Ligand SMILES: Nc1ncnc2c1ncn2[C@@H]1O[C@H](COP(=O)(O)OP(=O)(O)O)[C@@H](O)[C@H]1O
Ligand SMILES: [Mg+2]
């Protein structure tokens, strides 16, 4: 962006001025001495042609430099982000090595670009000098045979010298043009990436949703070679609680990402309150869907800001009320500045359970009719899980809730449990129904109960 900006603010004007200067000077030189002027003008197209061919090489080299530079940034960012893991595994040297490699590649690319660029000036300078030498030689001959005055030749020579200055400048400017073009391409590719999910021109405001969700023969894949969802059929009534389970990578998160239209199905429809989700305007639709994910990301700012992130116009009272319901009020008050305490960039100073409870408070102020919980307790220990589950219980009241859970005890009481496997709904029913059915869910449940024997289960198995 910097390159494009500086091109627009400085280079554009000089290009215009240089072009006008060249046109004016050619006029004056033609007037002074027609033959000589033709020499200068005749050389110019070749010069510009050479420069144009050159531009491509410079552009490629510049592109390489930019790519290598972003590589350095990603290596650096990754290393800093995972600094705890890096230290824990004692991999500082390895990370440094990675940075070294990326830096060397960037230096090499930069040197190569320099080499290409540095060829330009000498070649132009030699051409100009040859031109001047020719005029000097022919001019001297003309003066000796009295066909031209010394004054006329002097004036012409000084003009010729000045003439190549804007041509040279213009030639140099091609670097800047090439860089700006590369920058523009990279910006464009990011802008284009943002239009994957289009909003229909006649999309309407969904109003206040009741929260009925129907999947009709939905298929979806990120990569056409590998279908993730094959044929999903599912009906969720307003206010129902649905539990979703199944093997990792089975497409659970993918199914739920179709509801807020992070992606659109490749086949079939997702109906929300009876209408295709694509009929609705994106923002009003998403504003009625709340999320609590496996890990709540906290933004740099105060606790209050972070809760209000769910709904920016939430009042201070609503925020405190939400925090109380989310079992977060007490630990917030214990912090040095209460609700105005700053949390770090990634909330490093808070525990996982505390972050989840802030995430729940955020979802409570959002007050959306549809709620998506994607393994909200997966990363917690049993103690904080209890506090979080309590908070979730209050959050879920009166909403359509879809919970993805790895730990099946979390979704045991759901109105309906859905088992996703192989891109289809392999089983659905209540806990008891699925246990009686005695297939995938029952098997999963037995394995988990066996791994951490819950008291009631051991009582059942050892009557
Ligand atoms: N953004 C993505 N781009 C490409 N593939 C993805 C993406 N997200 C998930 N997948 C792939 O889709 C499949 C289903 O993933 P996911 O829905 O996250 O499963 P689950 O939540 O059940 O563990 C996996 O094979 C995963 O690798
Ligand atoms: Mg998932």
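The values are calculated or read from the model by the stated rules, or taken from the named source; none is laboratory data. Owing to the predicted nature of the structure, the values given are computational and were not obtained by experimental measurement. Counting neighbours? That spans all protein chains shown, and the Cβs are built from the backbone with ideal geometry, glycine included.
Just need a number here: residues in region 110-130 that are more than 30 Å from residue 72 (Cβ to Cβ), at pLDDT below 85 and in contact with a helix residue (DSSP H, G or I) (Cβ under 9 Å, 6 or more places away or on another chain).
So the answer is 5.
Quick grid of which residues meet (1) more than 14 Å from ligand 2 (Cβ to nearest atom); (2) in the same structural domain as residue 294 (by TED's automatic domain parsing):
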| site | (1), (2) |
| --- | --- |
| 207 | yes, no |
| 223 | yes, yes |
| 228 | no, yes |
| 241 | yes, yes |
| 245 | no, yes |
| 249 | no, yes |
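Being touching a residue at least 24 places away in the same chain (Cβ under 8 Å), more than 25 Å from residue 322 (Cα to Cα) and assigned to a loop (DSSP other than H, G, I, E, B) narrows it down to one residue among 295, 264; which is it?
When all the criteria are applied, what remains is 264.
Could you list, in sequence order, all residues of region 86-95 that are surrounded by 13 or more Cβ atoms within 10 Å (Cβ to Cβ) and assigned to a helix (DSSP H, G or I)?
Listed by number, the residues that qualify are 86, 95.
Taking region 110-153 only, how many residues are within 29 Å of residue 52 (Cα to Cα) and exposed (fewer than 10 other Cβ atoms within 10 Å of the Cβ)?
So the answer is 2.
Looking only at residues in region 215-236 that are touching a residue at least 60 places away in the same chain (Cβ under 8 Å) and closer than 21 Å to residue 411 by Cα, which one is surrounded by the fewest Cβ atoms within 10 Å (Cβ to Cβ)?
233
If I filter region 162-179 for residues that are part of a helix (DSSP H, G or I), out of contact with any helix residue (DSSP H, G or I) (no Cβ under 8 Å at 6 or more places or on another chain) and exposed (fewer than 12 other Cβ atoms within 10 Å of the Cβ), do I get at least one hit?
No; the residues of region 162-179 include none that is part of a helix (DSSP H, G or I), out of contact with any helix residue (DSSP H, G or I) (no Cβ under 8 Å at 6 or more places or on another chain) and exposed (fewer than 12 other Cβ atoms within 10 Å of the Cβ).
Which residue is farthest from residue 351 (Cα to Cα), if the candidates are limited to region 368-388 and must be away from ligand 1 (no atom under 16 Å from the Cβ) and assigned to a loop (DSSP other than H, G, I, E, B)?
369
Tell me, please, whether a residue that is away from ligand 1 (no atom under 16 Å from the Cβ) and in contact (Cβ under 8 Å) with a residue 40 or more places away in the chain can be found in region 330-340.
No, region 330-340 contains no residue that is away from ligand 1 (no atom under 16 Å from the Cβ) and in contact (Cβ under 8 Å) with a residue 40 or more places away in the chain.
Whether any residue in region 182-205 is in a strand (DSSP E or B) and outside the structural domain of residue 404 (by TED's automatic domain parsing) is what I want to check.
Within region 182-205, one or more residues are in a strand (DSSP E or B) and outside the structural domain of residue 404 (by TED's automatic domain parsing).
For region 389-427, what are the residues that are more than 16 Å from ligand 1 (Cβ to nearest atom) and part of a strand (DSSP E or B)?
Across region 389-427, the qualifying residues are 400, 401, 416.
Residues being touching a helix residue (DSSP H, G or I) at 6+ places or on another chain (Cβ under 8 Å) and under 24 Å from residue 120 (Cα atoms): count how many of those fall in region 18-36.
6
Considering only residues that are closer than 25 Å to residue 393 by Cα and more than 16 Å from ligand 1 (Cβ to nearest atom), which ones fall in region 238-292?
Of everything in region 238-292, those that are closer than 25 Å to residue 393 by Cα and more than 16 Å from ligand 1 (Cβ to nearest atom) turn out to be 238, 239, 240, 241, 272, 273, 285, 286, 287, 288, 289, 290.
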